[in-house]
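Before any comments, here is the structure.
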Amino acid sequence: MHFIICIFGVLAWINIQAQSNLTKTIQHDGMTREYKIYIPASYVNGNPVPLVFNLHGYTSNMTQQEVYGDFRPIADTANFIIVHPNGTFDNSGNRWWNAYGLAAPDDVDFISKLIDSVSADYSIDPERIYSTGMSNGGFMSFELACTLGNRIAAVASVTGTMPAGSFSGCNAPKPTPIMQIHGTADPTVPYNGSASLESVPAVVGYWVGQTNSNTTPTVINVPDTDPNDGCTAEHYIYPGGDQNSSVEHFKIINGGHTWPGAPVNIGTTNHDIDASVEIWRFFSKYRLNELLSVEESDKPADELKVYPNPSEGQLNLYFSQGSGSYEIIDALGRIVLSADIVSTQNTVFLKDKGVYFLRYNSGSETKTVKFIVH
């Protein structure tokens, strides 16, 4: 009986650990750096998952950013780990990120070491590490794209930009998918820039050039679902970049220095979009060394077929090789089914209607096909 109770206790402990929100520390450059890490209940040790860094703004902290720019409900369904680190204190006693090329603190190396530390404790997919942030956290995410692009697959900034003159010093090692979300009435980080800050159009234009994306965007007027929020949104999409990278920009007309969809309104906050949902939708399309956007790879290949398409829920999957693995991903980037391939012919059932993507991993390459369930 004692043995059974012990086993039950161990299983209970494992279950508690499977969904947790922990505060941890790491030593870096002689300092104790603190961070919060959120592990969803769907996480299983041994099955690699994406990692999202969510960086706070100037004067803020990891706990405030976790609540204000909340990704936790999305992580619960899409199965990724979130890290909210704390920046260091400046001479005024405010937390900040060194996205300005100063000698110290070396926050780029700190994030790199934090990736190593988290990857040692948890099963992280090294091809799916992303960074986003609010204001100064957005600045820092751009800095990571420039200096740590060999580890960061894609970046999103909310109300952040880049220091004036920093384009020439940005040496991103690959085409880096970028999303920029910014209000035109932002009083803190002006949309049109300043003597010390690049304008948002200039930043978007820089990354369009860096990725070699189409210079003429597709422009979508976001439905004004909340006419009382004092602002509207326009969505600019620059597709066709190298290795299927892209740049996206949400221009919040009359929006302030705020996170769209935030649970609290601090200034004019847009509620026609949810920044966290849009950022994950964008991130979920990209892997570090396989910048293959599932939205742009829907032509069937001989190696991979799905039929009937559209279907009523029963799908036949054909693979040219009876080995490798596959994933079925919904339109929000959530993996709804994954399995190893043991036969060239497979049958699956999906009960929910919608657009899906079948991603086939043969070991040497990845192919993706879009299909629809009516």
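The values are calculated or read from the model by the stated rules, or taken from the named source; none is laboratory data. What you see is a predicted model, and the numbers here were worked out from it, not measured in a lab. Every residue, glycine as well, gets a Cβ built from its backbone with ideal geometry; the counts of neighbours run over all protein chains shown. These accessible areas exclude ligands, DNA and RNA; they are computed on the full protein's heavy atoms, side chains included. Shrake-Rupley method; radii C 1.70, N 1.55, O 1.52, S 1.80 Å.
Gain on full extension, evaluated as 0.36 nm per residue between ASP106 and THR216 minus their Cα-Cα distance, stands at 35.9 nm.
Its DSSP H runs of at least 4 residues, each contributing -39,500 (n - 2.57), put the calculated 222 nm mean residue ellipticity of the chain at -6500 deg cm²/dmol, to the nearest 500. Can you find, among TYR318, GLY138, SER196, the residue sitting farthest towards the positive end of the charge dipole of the chain, where Lys and Arg contribute +1 and Asp and Glu -1 at Cβ? Going by the charge dipole, the pick is TYR318.
Share of antiparallel DSSP beta bridges in the chain, in percent to the nearest 5?
The antiparallel proportion sits near 70 percent.
What shape does the stretch 182-245 take by its C-alpha gyration tensor, where a ≥ b ≥ c are the square roots of the eigenvalues and a/c under 1.5 counts as rounded, a/b above b/c as prolate, and the rest as oblate? Spell out each step's value before the answer.
Details: a/c = 3.63, a/b = 1.24, b/c = 2.92.
Since a/c reaches 1.5 but b/c is at least a/b, the shape of the stretch 182-245 is classed as oblate.
Applying 1/(1 + (r/R0)^6) with R0 = 22 Å to the Cβ-Cβ distance of ASP340 and GLN314, what FRET efficiency is obtained, to the nearest 0.05? After rounding, the FRET efficiency stands at 0.60.
Picking from VAL67, ASN94, GLY30, whose Cα lies most toward the positive end of the charge dipole for the stretch 16-130 (charges on Cβ: Lys, Arg +1; Asp, Glu -1)? Projecting each Cα onto the dipole axis, the largest value belongs to VAL67. The charge dipole of the chain, taken about its Cα centre with unit charges on the Cβ atoms of Lys, Arg (+1), Asp and Glu (-1) only, comes to about 460 debye.
Summing charges over all other residues whose Cβ lies under 13 Å from the Cβ of VAL158, with Lys and Arg as +1 and Asp and Glu as -1, gives -4. For the stretch 85-218, the gyration tensor built on C-alpha atoms gives an oblate shape. Its axis ratio a/c (a ≥ b ≥ c) is at least 1.5, and a/b is not larger than b/c. By the combined test of axial Cα extent (at least 15 Å) and Kyte-Doolittle hydropathy (mean at least 1.6), the qualifying DSSP H helices of the chain come to 2-18.
Each listed q (0.07, 0.09 Å⁻¹) maps to a log10 I(q)/I(0) for the chain, found by the Debye formula over equal Cα scatterers with no solvent: -0.32, -0.54.
Strictly greater than 16 Å: what percent of every Cα pair in the stretch 334-374 meets that? All intermediate terms of the calculation are to be shown ahead of the outcome.
Details: 343 of 820 pairs.
Result for the distance tail: 42 percent.
The portion of the accessible surface of the chain made up by carbon and sulfur, rounded to a whole percent, is 53 (1.4 Å probe; DNA, RNA and ligands excluded).
For the stretch 84-159, the square roots of the Cα gyration tensor eigenvalues, ordered a ≥ b ≥ c, give a/c of at least 1.5 with a/b greater than b/c, which places it in the prolate category. The packing ranking of peptides 241-247, 316-322, highest mean first, is 241-247, 316-322, where packing means the average number of other beta carbon atoms within 10 angstrom of each residue.
With K and R counted +1 and D and E -1, the other residues having a Cβ less than 11 Å from that of ILE82 yield a net charge of -1.
Using a probe radius of 1.4 Å on heavy atoms only, what accessible surface per residue do you get for the chain? Whole Å² is fine.
43
Using a simple spin-label model with pseudo-atoms 7 Å out from Cα toward Cβ, THR23 and GLN243 lie 3.8 nm apart.
Residue separation of ASP226 and SER196 scaled by 0.36 nm, minus their Cα-Cα distance, works out to 7.4 nm of gained length.
Using the Cβ atoms and a cut-off under 15 Å, what net charge is assigned to the surroundings of PRO263, where Lys and Arg are +1 and Asp and Glu are -1? Don't jump to the answer; show the numbers that get you there.
Working: positive: ARG72; negative: GLU66, ASP70, ASP226, ASP229, ASP274.
Spelling it out: positives minus negatives among the neighbours equals -4.
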